[in-house]
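This report concerns only the one structure given below.
The values are calculated or read from the model by the stated rules, or taken from the named source; none is laboratory data. Predicted, not measured: the structure shown is a model, and the values here were computed from it. We place every Cβ from the backbone using ideal geometry, glycine too, and count neighbours over all the protein chains shown.
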Amino acid sequence: MKVIVIGAGEWMGDFVIKKLADTSHDTIVLTDNDNRKSDLYDLGADEVIVSKDGEGWTQSFPEGDAVIYVSQASPRSGEDKTIAVDVTSVQKVAEAAKHRHINRFVLLSSIRSDEMSDDQVEPNHFREKKENSERFLREEGLTYTIIRPGLLVSKPGHGKVNAKIASESKPLEGELSIEDAATMLVKVIEEERVYNKTIEITNGDVAIEDVFQTL
């Protein structure tokens with residue numbers, strides 16, 4: 001399977017590329033940073049395409065089988081930046097994927113405000129734009145999986161998580177290592193049990209290989 005990764009300018013994207021390199025998937029990376037091309041190849045990318053702010057993606061978007069979208073504006077970014085990265089970018093990528101007849105789309109969504117520490121308050125406009133991105137993807141007709149992580153932390157992954165289908169009830173609370181989040185993003189690509197579902201995930205006690213049986 002050819003997997004297109006959007007958002008390789010962040011640690012999460014780097015981990016996703018590394019995890020994909022350990023599978024049989026081919027990895028195509030779309031980035032807006034030409035200076036990182038050699039680094040991305042070193043991480044395991046099979047192809048790197050540079051596109052500034054997604055310009056012309058509908059025409060130049062590569063052929064593939066699935067998309068993993070991990071780009072995230074920081075909650076501390078200005079409102080205009082959040083809109084550009086989280087709503088407009090998701091829309092551009094989803095439309096470009098449909099243009100290429102790519103049906104599988106995995107989206108890394110937001111950390112909810114009640115899962116953040118006291119000094120990491122999520123502004124309302126950031127949460128709202130992330131929710132709009134999720135809503136857009138659900139209505140676009142693609143086979144999606146939305147991953148909502150706990151508080152992402154730069155700690156070694158231990159391969160065990162808690163996960164549940166998102167609902168109106170109290171969300172999961174806790175941290176999630178960036179590495180384990182990346183592992184989940186790669187694992188769900190071909191996991192039919194989470195097609196067209198939104199999953200909440202934190203560090204936990206269940207091996208990632210087994211967690212889908214609990215959903």
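The set of residues from region 22-47 being touching a helix residue (DSSP H, G or I) at 6+ places or on another chain (Cβ under 7 Å) and outside any loop (DSSP other than H, G, I, E, B) comprises Thr27, Val29, Thr31, Leu40, Leu43. All of (1) hydrophobic (A, V, I, L, M, F, W, C); (2) within 15 Å of the chain's Cα centre (by Cα); (3) surrounded by 22 or more Cβ atoms within 10 Å (Cβ to Cβ) hold for Val161 with one exception: (2).
When the residues of region 18-37 are filtered to those that are among the acidic types (Asp, Glu) and more than 17 Å from Thr183 (Cα to Cα), which remaining residue is surrounded by the fewest Cβ atoms within 10 Å (Cβ to Cβ)? Step through it out loud before you land on a result.
If we filter region 18-37 for residues that are among the acidic types (Asp, Glu), which is where we start, we get 22, 26, 32, 34.
Subsequent filtering for residues that are more than 17 Å from Thr183 (Cα to Cα) retains 32, 34.
Working: Asp32: 15, Asp34: 10.
This residue is Asp34.
The set of residues from region 1-21 being within 18 Å of Pro156 (Cα to Cα) and out of contact with any helix residue (DSSP H, G or I) (no Cβ under 8 Å at 6 or more places or on another chain) comprises Glu10, Gly13. The listed residues are Ser177, Ser133, and the only one of them that is among the polar types (S, T, N, Q) and modelled with pLDDT of 90 or more turns out to be Ser177.
Report yes if Glu55 is modelled with pLDDT under 90, over 22 Å from Ala182 (Cα atoms), among the acidic types (Asp, Glu) and in contact with a helix residue (DSSP H, G or I) (Cβ under 6 Å, 6 or more places away or on another chain), otherwise no. Steps first, please.
On the way: modelled with pLDDT under 90: yes; over 22 Å from Ala182 (Cα atoms): yes; among the acidic types (Asp, Glu): yes; in contact with a helix residue (DSSP H, G or I) (Cβ under 6 Å, 6 or more places away or on another chain): no.
For Glu55, the condition - modelled with pLDDT under 90, over 22 Å from Ala182 (Cα atoms), among the acidic types (Asp, Glu) and in contact with a helix residue (DSSP H, G or I) (Cβ under 6 Å, 6 or more places away or on another chain) - is not met.
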